[in-house]
Amino acid sequence: MNINKKKYECQSEALNAWHTKRCRGTLQLCTGAGKTYAALRAIKWVFSFKPDANILIICPTEIIRDDTFPKEFKKWKMAALLKKVNLKCIQTVYKYENEHYDLIVADEFHNYIPEKDDYKSKLYEYHKFFERNTYDKILGLSAWIPEKKRMVARKIAPICHTLTTDEGVSRGIISPYVEFNIPVMLTTEEKTTYSKIQMSYFNLERQLGGFKAFDNASYFMKTIGDIDVAKRTSDQISNYQTAIQFYKMMHKRKTLLYNLVSKEESVKELIDKLNIEKSVIFSQSTLFADAVCIDRNDIISYHSKVKNRTKAMKQFNDKRTKTNHLSTCMAVNEGMDLPKLPVIIIAARTSSAKTHIQRRGRCLRFEEGKVSYVFNLYLKGTQDEKWLIKSQSTTAPENIISVNSIDELINKVNSLNKKLTSLDVE
C-alpha cells in the first residue's frame with residue numbers, strides 16, 4: 001500500500017469517528033497524517049448534498065490562509081471548491097456575531113480556546129466566536145490539545161479521534177525518528193549571572209509559599225491588582241510587590257536562557273561536526289535566531305521581525321544557494337509544509353508538549369528510507385532541563401537518547417548506522 005492510500009485510510013477512520021459524533025468534534029492527528037486533506041474531504045462531502053453551503057475555514061495565520069489551504073485545494077483538484085468557501089484568520093472572525101454556518105473547519109483548533117478559567121487572554125476572546133455564532137457542523141483540527149484546554153474544547157468540538165506521532169510511525173505514514181538530548185555548558189559569565197538570578201528567585205519563591213509560589217503570585221496579582229492603591233493594606237502592598245518581583249525574576253531567567261552565547265556556539269558546532277546539510281533551528285528569541293546567523297552564509301533568519309520572509313524562505317528552498325539552515329522562533333511551528341526536511345535543532349523551548357510535537361512534526365513528513373533527527377540542546381541542572389523533560393512528556397522513551405556531548409552524539413549516530421542524508425526541501 002502506497003503512502004497516500006495509508007493516509008487515506010487513517011483519514012477515513014478519523015472522519016468516520018467525526019461523523020458518528022454528528023459531525024461536531026476535533027480530529028487530533030499527528031503532523032504528516034494529512035489533516036488538511038481530511039478537512040477538504042469533509043468540505044467536499046458537505047457540498048455534495050448542499051451545493052450552496054456556507055462553509056468557513058478558520059486559520060491561525062496568514063500563511064495558512066493564503067498559502068497552505070489554497071495549495072491543498074489545487075493539489076487535490078478541488079480548486080472550484082476553494083472559490084466557494086470562506087477562508088479567514090481568527091483575528092478577523094472572532095469579532096463576528098449572529099452568523100450561521102453549515103460547516104466550520106477550525107484549523108489548529110488549540111489556538112482558539114483558552115485554558116479553563118483563563119478569562120483575560122486573547123484566546124478567551126477568540127473562543128467566544130463559537131458562542132456568538134451558530135453552526136450545524138464543526139471540524140476541529142489539531143496535532144495536540146493540551147489537557148488544560150480540553151474542558152473548553154469539549155463544549156465546542158470535543159476530541160473524537162486521536163492518531164499519535166508514534167502510531168503514525170507504526171502505520172507508515174510519517175518517518176521514523178530519533179531525539180537526542182545534548183547538554184550545553186554555560187560560559188563562566190553565564191554561570192555567574194544564572195546563579196545570581198536563581199538565588200533571588202528562590203528567595204522570592206520562599207516568601208510566596210514554596211511550591212505554591214506561582215499560584216500565590218498569580219492570586220495576588222489578580223486580586224490585589226484590582227484594589228485601588230490607596231485602599232491596600234500593608235500586607236497587600238507587600239504581597240503585591242513580592243509577586244511583581246517574582247514575575248520579573250522569572251522573566252529575567254527566561255531571557256537569559258533564551259539568549260545564551262554557549263547555545264549559539266553549540267548550534268554551529270552541531271551543524272559543522274555532523275555535516276548537517278539541511279535543518280530548521282528553533283529558538284524562543286528573535287535575537288538568538290539572528291545571532292546564530294552572524295558570520296554564517298549557510299543560515300538565514302525567518303521570524304516575525306524579518307522584513308521579507310517570503311524571500312528568506314525562497315532562498316532556503318533554492319538548491320542553487322548555500323543557505324541550508326533556517327533559524328526561526330515560532331514562524332514554522334505549524335502550518336508550514338517541509339516534506340523532505342531530515343533534521344531539526346531545538347535550541348530553546350518552553351515546557352509545552354504541544355509546541356514540541358509541532359516542531360518535531362516539521363521533519364517527520366514521510367519520504368522513502370528517511371529517518372528524522374531531533375537534536376535538543378539544553379542546560380543541565382537548570383530550568384531549561386525541566387522544560388525539556390515536560391516538553392517530551394508525550395514522546396516515547398525508546399525514541400529519546402541522552403548523550404553527554406556533541407562528540408558522544410557523533411559516535412551514537414554512527415553506532416546506529418544512521419546517515420544524515422542530504423535531502424532538499426521543496
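Quote the Stokes-Einstein diffusion coefficient, in whole µm² s⁻¹, for segment 208-263, based on the Kirkwood radius over alpha carbon pairs, a temperature of 20 °C and a viscosity of 1.002 mPa s.
172
Would you work out the charge dipole size for segment 111-209 about its Cα centre, treating the Cβ of every Lys and Arg as +1 and the Cβ of every Asp and Glu as -1, and quote it to the nearest 20 debye? If you can, show how the numbers build up before the last one.
Numbers: 15 positive and 13 negative charges, 82 e Å.
Around 400 debye, computed over segment 111-209.
In segment 125-186, with Lys and Arg counted as +1 and Asp and Glu as -1 at Cβ, which of these residues, Met185, Phe129, Trp144, has the Cα nearest the positive end of the dipole, that is, farthest along it?
So the residue furthest toward the plus end is Phe129.
Please build a GNM for the chain, connecting alpha carbons under 10 Å apart, and tell me which residue among Ile227, Ile63, Ile294 fluctuates the most.
Among Ile227, Ile63, Ile294, the largest mean-square fluctuation in the Gaussian network model of the chain belongs to Ile227.
Along the charge dipole of the chain, which of Ala33, Val229, Val105 sits closest to the positive end, that is, farthest toward it, with unit charges on the beta carbon of Lys, Arg, Asp and Glu (+1, +1, -1, -1)?
Going by the charge dipole, the pick is Val105.
Pick out the long, greasy-scoring helices in the chain: whole DSSP H runs spanning 24 Å or more along their own axis by Cα, mean Kyte-Doolittle at least -1.0.
Taking the DSSP H segments of the chain (at least 24 Å long, mean hydropathy at least -1.0), we get 234-258.
How large is the dipole of the chain about the Cα centre if only Lys and Arg carry +1 and Asp and Glu carry -1, each at its Cβ, rounded to the nearest 20 debye?
800
Please work out the Cα center distance from segment 81-138 to segment 277-293, rounded to the nearest Å.
If you average the Cα positions of each part, the centres end up 32 Å apart.
If packing is taken as the average count of other Cβ atoms within 10 Å, what order do 105-112, 88-95, 317-324 fall into, highest mean first?
105-112, 88-95, 317-324
Among [x] 23.3; [y] 21.6; [z] 28.5, which is the computed mean projected area of the Cα convex hull in nm²?
Identified label for the calculated read-out: [x].
What dipole magnitude, in Debye to the nearest 20, does segment 243-315 give about its Cα centre under +1 on Lys/Arg Cβ and -1 on Asp/Glu Cβ?
480
Every read-out reported here was derived from the displayed coordinates using simple, explicitly stated rules and does not represent laboratory data. Note that the coordinates shown come from a computational prediction; the quantities given were computed from them, not determined experimentally. As a convention, Cβ positions derive from the backbone with ideal geometry for all residues, glycine included, and neighbour counts pool all protein chains shown.
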